[in-house]
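K.L.:
Got a structure for you, questions after.
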């Protein structure tokens, strides 16, 4: 079975870095609409779920790598039942995708396996025990892993494209002009696409 390892924690934290408050990143806003940022990979949305109240900027600035690791374990790894997934690579990949995308990431994983691999999973943003059993019973774990990588990249392409379309439509409607390529790049998720894709390819399959 998979284990929540120091190597996986390092992988996550190395990609996250420290504090950032990019106004184009919707995850940086709390439910009050305040731009409070993300720190050590803990977004404003995630912190609000953890605290059960909207976090302030000061709270976000105080997030440590130790707290980030605790949240990664309790709110992400444990939620996908990582300890019960047989293959280490598959468990880490699903958790990392979930971490980067929130519950909609889990829903996309479920939907991809449901529609693409004909696995009888519920597409409801949470992994249940019977779904973990189906993942473990999939006959070719390397094939499953490679499928998840392809779907993750497709997911990244989708949300980047959607953010670009929404921004262009907004500017055209508001200012009656088409924004430049640079404006689109700076004000949408396009500027993250290369880094997100690199991360999507960072975890490698391990045979067990």
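K.L.:
What number of residues within the stretch 27-47 satisfy the criterion of being under 20 Å from the mean Cα position of the chain (by Cα) and either farther than 18 Å from residue 99 by Cβ or in a loop (DSSP other than H, G, I, E, B) (or both)?
P.N.:
Of the residues in that region, 9 qualify.
K.L.:
Given the condition more than 28 Å from residue 166 (Cβ to Cβ), in contact with a strand residue (DSSP E or B) (Cβ under 7 Å, 6 or more places away or on another chain), in contact (Cβ under 8 Å) with a residue 12 or more places away in the chain and not assigned by TED's automatic domain parsing to the domain that holds residue 197, answer yes or no: does some residue in the stretch 54-61 qualify?
P.N.:
Checking the stretch 54-61: at least one residue is more than 28 Å from residue 166 (Cβ to Cβ), in contact with a strand residue (DSSP E or B) (Cβ under 7 Å, 6 or more places away or on another chain), in contact (Cβ under 8 Å) with a residue 12 or more places away in the chain and not assigned by TED's automatic domain parsing to the domain that holds residue 197.
K.L.:
If we keep just the residues of the stretch 155-194 that are closer than 18 Å to residue 96 by Cβ and free of Cβ contacts under 8 Å to residues at least 24 places away in the same chain, which is surrounded by the most Cβ atoms within 10 Å (Cβ to Cβ)?
P.N.:
158
K.L.:
Here is a further query. In the stretch 4-21, which residues are outside any helix (DSSP H, G or I) and modelled with pLDDT of 95 or more?
P.N.:
4, 5, 19, 20, 21, listed by residue number.
K.L.:
Could you list, ordered by first residue, the pairs with Cβ atoms under 6 Å in which the first is in the stretch 73-89 and at positive phi and the second is at pLDDT below 95, at least 6 apart or interchain?
P.N.:
81/127
K.L.:
Could you check residue 101 against (1) at pLDDT 95 or above; (2) buried (at least 19 other Cβ atoms within 10 Å of the Cβ) and say which number it fails?
P.N.:
(1)
K.L.:
Whether any residue in the stretch 196-208 is without any contact (Cβ under 8 Å) to a residue 60 or more places away in the chain, out of contact with any helix residue (DSSP H, G or I) (no Cβ under 9 Å at 6 or more places or on another chain), in a helix (DSSP H, G or I) and surrounded by fewer than 18 Cβ atoms within 10 Å (Cβ to Cβ) is what I want to check.
P.N.:
No, the stretch 196-208 contains no residue that is without any contact (Cβ under 8 Å) to a residue 60 or more places away in the chain, out of contact with any helix residue (DSSP H, G or I) (no Cβ under 9 Å at 6 or more places or on another chain), in a helix (DSSP H, G or I) and surrounded by fewer than 18 Cβ atoms within 10 Å (Cβ to Cβ).
K.L.:
Something else about it: Give me the pairs: first residue in the stretch 142-153 and surrounded by 13 or more Cβ atoms within 10 Å (Cβ to Cβ), second residue not in a helix (DSSP H, G or I), beta-carbon distance under 6 Å, and six or more apart or on different chains, which are they?
P.N.:
Hits for this filter: 142/205; 144/138; 145/205.
K.L.:
Do any helices (runs of 4 or more DSSP H) entirely within the stretch 83-165 hold 1 or more residues that are over 19 Å from the mean Cα position of the chain (by Cα) and within 24 Å of residue 6 (Cα to Cα), and if so, which?
P.N.:
Fully inside the stretch 83-165 and qualifying: 129-137.
K.L.:
OK, next. Which members of the stretch 48-76 meet the condition of being in a loop (DSSP other than H, G, I, E, B) and more than 19 Å from the chain's Cα centre (by Cα)?
P.N.:
Across the stretch 48-76, the qualifying residues are 52, 53, 54, 55, 56, 62, 64.
The values are calculated or read from the model by the stated rules, or taken from the named source; none is laboratory data. This structure is a prediction, so every number in the text was calculated from the model and none was measured. With ideal geometry, Cβ positions are generated from the backbone for all residues, glycine too; neighbour counts draw on all protein chains shown.
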